[in-house]
Amino acid sequence: MERIQGGRVLLFLAWTFGVSWGFDGLVIYLGGLDAYHNLGMNPWGMLAPAFVAIILQMFIFKDSPIHFRTFKEKPRWILLGFLLLTVLYAVLTMISIFHPQSRRIFQGVGALLFTLWTLLVFFIGGQSKAGAFERAGLRLGDMKLGPRFVFGIIVFFAVQASANLLFNLGKLQIRAETVYGVPIPSSLYIPSLIVLFIAVTVIGTPLSGLAAVFGEEYGWRGFLQSELVKLGKRKGVLLVGLIWGVWHFPVILRGIHTYPPSALGLSLGIIFFVLWGIIQSYAVLKTGSIWIAAFMHGVVNSVYGFMLTYIARPFKNVPSFGLGIYGLLCMVVVVYFILRDPIWKNSP
């Protein structure tokens, strides 16, 4: 079994936790907790794991396959573009704290930056050879499996929303006037809901926010997982999930996550991130693609939000299906079958 490079892992974790938690703390210090909640910008911390992983591999670890002195292929522009995006988005977030009257403008500029990076990915991808993408840690992998994972996510959360209604744990959400802010005649509400669900929830939103979820997946399921699976796939993936969960503690404690800011909320958060982390890691192992995991991450966030807004909202987050206790029990069943796949027995 290949030996884990513990020093590099610790350096990555120290920098990632430091810059992401530190930046959020700076935002709160300068603008207060209300500003942190009301900025309307995607949390900058989501970009931090990939930002740190790219910095380390391109400029610190000289034996890295993407070190700037040796890696000259086109996919390097995707990575360098991400570094630039992260810096610009940090500056934009800082400026928006001191100019709250212009936050809508900053939000629009931020969304434009994210979209431009996604377009860069498609542009460079169309001009690059598969081998160059693989050397950059950006291999497309088995893209045919991607729709299956996405479909599975949709089915899971649709079943969870239905279960909340069936067991009287949630309220049916009726929005007969607008869907995503678009005015909809009552007679066209259901078909419009279906069309916009596919076009916006499943495709548009995950693509437009690809940079944010790439920021997490390239760092956690890309760099960190590739090191920790040297301990064994199951053990390595479990550790990634635990670390991922702890990294989310400040978000939970600030009361802006599904789970309550308490010991119970932190415990449920760890359970969720371990379970869902296994699913995300499985997608990477099964497809060989960090992009599918990133898109799945975006779909999870988007579909879960859609179900809460337009299908069923739980009366209480903890005793409910979805991300509540009953939903986590359902997730355990899903993970049980995932762990039976022979891919976990193969060498890293």
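The values are calculated or read from the model by the stated rules, or taken from the named source; none is laboratory data. Quick caveat, the model's predicted, so the values are computed rather than measured. No Cβ is skipped: glycine too gets one built from the backbone with ideal geometry, and neighbour counts run over all protein chains shown.
Here are a few things to note about the model shown:
- Test result for Lys129, in the same structural domain as Leu26 (by TED's automatic domain parsing), within 30 Å of Tyr282 (Cβ to Cβ) and exposed (fewer than 13 other Cβ atoms within 10 Å of the Cβ): yes
- Within the set Gly255, Gly245, the sole residue that is closer than 24 Å to Leu308 by Cα and free of Cβ contacts under 8 Å to residues at least 12 places away in the same chain turns out to be Gly255.
- Within the stretch 35-50, the presence of a residue that is at pLDDT 95 or above, within 18 Å of Ser128 (Cβ to Cβ) and surrounded by 18 or more Cβ atoms within 10 Å (Cβ to Cβ) is excluded.
Here's the yes/no breakdown for (1) closer than 26 Å to Ala132 by Cβ; (2) in a loop (DSSP other than H, G, I, E, B):
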| position | (1), (2) |
| --- | --- |
| Leu13 | no, no |
| Gly22 | no, no |
| Ser64 | yes, yes |
| Ile78 | yes, no |
| Gln101 | no, no |
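- In the set (1) at pLDDT below 95; (2) assigned by TED's automatic domain parsing to the domain that holds Gly322; (3) surrounded by fewer than 18 Cβ atoms within 10 Å (Cβ to Cβ), the condition left unmet by Glu134 is number (2).
- Restricting Phe197, Phe114 to residues that are touching a residue at least 12 places away in the same chain (Cβ under 8 Å) and in the same structural domain as Phe59 (by TED's automatic domain parsing) narrows the list to Phe114.
- Test for Trp15: is it at pLDDT 90 or above, touching a Leu at 6+ places or on another chain (Cβ under 8 Å) and under 22 Å from Gly241 (Cβ atoms): yes
- Within the stretch 166-192, being among the polar types (S, T, N, Q) and either at pLDDT 80 or above or not in a helix (DSSP H, G or I) (or both) holds for Asn168, Gln173, Thr178, Ser192.
- If only residues of the stretch 142-183 that are at positive phi and out of contact with any helix residue (DSSP H, G or I) (no Cβ under 9 Å at 6 or more places or on another chain) are counted, the one that is surrounded by the fewest Cβ atoms within 10 Å (Cβ to Cβ) is Gly181.
- Flag if Arg139 is assigned to a helix (DSSP H, G or I) and either within 19 Å of the chain's Cα centre (by Cα) or surrounded by fewer than 16 Cβ atoms within 10 Å (Cβ to Cβ) (or both): no
- Exactly one residue out of Ala294, Ala312 is surrounded by 20 or more Cβ atoms within 10 Å (Cβ to Cβ) and more than 21 Å from Ala212 (Cα to Cα): that is Ala312.
- Every condition in (1) over 17 Å from the mean Cα position of the chain (by Cα); (2) free of Cβ contacts under 8 Å to residues at least 40 places away in the same chain holds for Phe273 except the one numbered (1).
- Verdict on Ala293 being assigned to a helix (DSSP H, G or I) and closer than 25 Å to Tyr180 by Cβ: no
- Meets criteria (assigned to a helix (DSSP H, G or I), touching a residue at least 12 places away in the same chain (Cβ under 8 Å) and surrounded by fewer than 21 Cβ atoms within 10 Å (Cβ to Cβ)) for Leu238: yes
- Residue match in the stretch 279-302 (condition: in contact with a strand residue (DSSP E or B) (Cβ under 9 Å, 6 or more places away or on another chain) and either under 19 Å from Gly245 (Cβ atoms) or not basic (Lys, Arg) (or both)): no
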